[in-house]
Amino acid sequence: MPVYPEVPKDTLHLPALYTTNKYSIMSVLVFIDTAEGHVKKSSLEAITYGAKVAEQLGTTAEAVVLGSVADDLAALGKYGVKKIHQVAGDSLNHFDAQVYTKLIAQVAAAAGAKVIVFSNNVTGKAVAPRLSVRLKAGLVSGAVALPDTSNGFVVKKNVFSGKAFANISVNTDVKILSLSPNAYQTIEGEGMAEVVAFNATADAAKVKIISTIKASGEVPLTEAEIVVSAGRGLKGPENWGMVEDLAKTLHAATACSRPVADAHWRPHNEHVGQTGFAIAPNLYIAIGISGAIQHLAGVNRSKVIVVINKDPEAPFFKAADYGIVGDAFEIVPQMTEAIKKLKG
Ligand SMILES: Cc1cc2nc3c(=O)[nH]c(=O)nc-3n(C[C@H](O)[C@H](O)[C@H](O)COP(=O)(O)OP(=O)(O)OC[C@H]3O[C@@H](n4cnc5c(N)ncnc54)[C@H](O)[C@@H]3O)c2cc1C
């Protein structure tokens, strides 16, 4: 039986969750995801979000990070996290969903975490469901707003490829949320986090990494602020030079529609959509892509969408913030030149 601290007598002014689970220690735990020793932008959003959830519940946000980190972890306190548990170990620099799940579960238990927050990125998508099974915790993947705690714990998420919202009521003692990238803005405040070493144990990894092949391209697609994407309208792989030029000028990542990847015009790690990567950059430029529902499912959370298509009836224009009707082979080089001039 776990030992719980005494519950404060005056529970009248405590948030609903605290009063319904009157013996729980409340804490919000955020998983900090890293790549090559650097904290991912999506994790900064998750920390800001987790800190706000904690504030709503009248508690504090803590975080867990696995492996070595080059960034100053204590400085993440400015996003609202008070304490960061770091599980060290070179082997943890390689992602292993089973090992990560076991370690995060141990930190969650020690921190008395009742709400655990991930980013709904590749790591979060692999670990959050496993942790949910292990902790018998309700999971909402792809949360897009703070939970409504006025009457229970209700979380809003996108459904039907972004065509509708669902409000999910989570009734389990421990709750897991994974936040859609770009759904919640980072807020920088003041403060430093306390960084503590956490001794956790996990069985040896069942997955052995023999080699790692890095995706080409200067900017990783899932973390990119700007994405330049092209489809079958480009006619063939030999025409991607102008797409890459535009991407380079904007310091953007490149992406493509599925038929383009299927035809091996571009690598599969650039394929976005329902069956590819789901991305949410600040700016998504779609060139010669029709805008099929399966494509939109992966990109419709982008903040601003610019569509270039020679067909004014292309469905993508309905989802666009800005549309240019015309031949991509004329427009894209002109656009690149104009941006170069603008950048001086
Ligand atoms: C189960 C399932 C899952 C799928 N998953 C995905 C997915 O994850 N991602 C995905 O992308 N698709 C997916 N698809 C495929 C999807 O339905 C579409 O077929 C696909 O997105 C179309 O790709 P496209 O827009 O590049 O090509 P097209 O539909 O051929 O469109 C080409 C566009 O280029 C325009 N164009 C042509 N020439 C020019 C020019 N010179 N200048 C400007 N515009 C030009 C045309 O007007 C047209 O709109 C899936 C399909 C199924 C059934």
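The values are calculated or read from the model by the stated rules, or taken from the named source; none is laboratory data. Remember, predicted model here, so these are calculated numbers, not experimental data. In this analysis, Cβ positions are derived from the backbone assuming ideal geometry, glycine residues included, and neighbour counts consider all displayed protein chains. The area values use the complete protein model at the heavy-atom level, side chains included, leaving out ligands, DNA and RNA. Shrake-Rupley method; radii C 1.70, N 1.55, O 1.52, S 1.80 Å.
Restricting region 292-315 to residues that are at pLDDT 95 or above, within 7 Å of the ligand (Cβ to nearest atom) and open to solvent by less than 60 Å² (accessible area, probe 1.4 Å), the residue that is farthest from Glu225 (Cα to Cα) is Ala314. Just one of the listed residues (Ala255, Ala261) is in contact (Cβ under 8 Å) with a residue 24 or more places away in the chain and outside any loop (DSSP other than H, G, I, E, B), and it is Ala255. Annotation: of all residues in region 261-275 being open to solvent by less than 40 Å² (accessible area, probe 1.4 Å) and touching a helix residue (DSSP H, G or I) at 6+ places or on another chain (Cβ under 6 Å), the one that is farthest from the ligand (Cβ to nearest atom) is Arg266. For region 270-302, a residue qualifies if it is in contact with a strand residue (DSSP E or B) (Cβ under 8 Å, 6 or more places away or on another chain), assigned to a helix (DSSP H, G or I) and not acidic (Asp, Glu), and the qualifying residues are His295, Gly298, Val299. Among the strands (runs of 3 or more DSSP E) confined to region 32-142, the ones with at least 3 residues that are of a type in the set (A, V, I, L, M) and crowded, with 24+ Cβ neighbours inside 10 Å are located at 61-66, 115-119. Which of the residues spanning region 276-291 are small (Gly, Ala, Ser), near the ligand (Cβ under 6 Å from one of its atoms) and at pLDDT 95 or above? The answer is Gly288, Ser290. Among the residues of region 211-220, is there at least one that is within 22 Å of His38 (Cβ to Cβ), open to solvent by 30 Å² or more (accessible area, probe 1.4 Å) and not in a loop (DSSP other than H, G, I, E, B)? No: zero hits. Going by the conditions given, is Gly273 within 27 Å of Gly162 (Cβ to Cβ), among the small types (Gly, Ala, Ser) and under 18 Å from the mean Cα position of the chain (by Cα)? So Gly273 fits the description; yes. Could you run through region 231-254 and say how many residues are of a type in the set (S, T, N, Q), under 29 Å from the mean Cα position of the chain (by Cα) and within 22 Å of Ala314 (Cα to Cα)? Total meeting the criteria: 1.
Filter region 221-260 down to the residues that are charged (D, E, K, R) and more than 9 Å from the ligand (Cβ to nearest atom), then identify the one that is least open to solvent (accessible area, probe 1.4 Å).
Per the criteria, the residue is Glu223.
Can you find a residue in region 325-340 that is away from the ligand (no atom under 11 Å from the Cβ) and surrounded by 23 or more Cβ atoms within 10 Å (Cβ to Cβ)? The answer is no; no qualifying residue exists.
Before we move on, is Val159 farther than 27 Å from Asp72 by Cβ, free of Cβ contacts under 8 Å to residues at least 12 places away in the same chain and either in contact with a strand residue (DSSP E or B) (Cβ under 6 Å, 6 or more places away or on another chain) or surrounded by 20 or more Cβ atoms within 10 Å (Cβ to Cβ) (or both)? Yes, satisfied.
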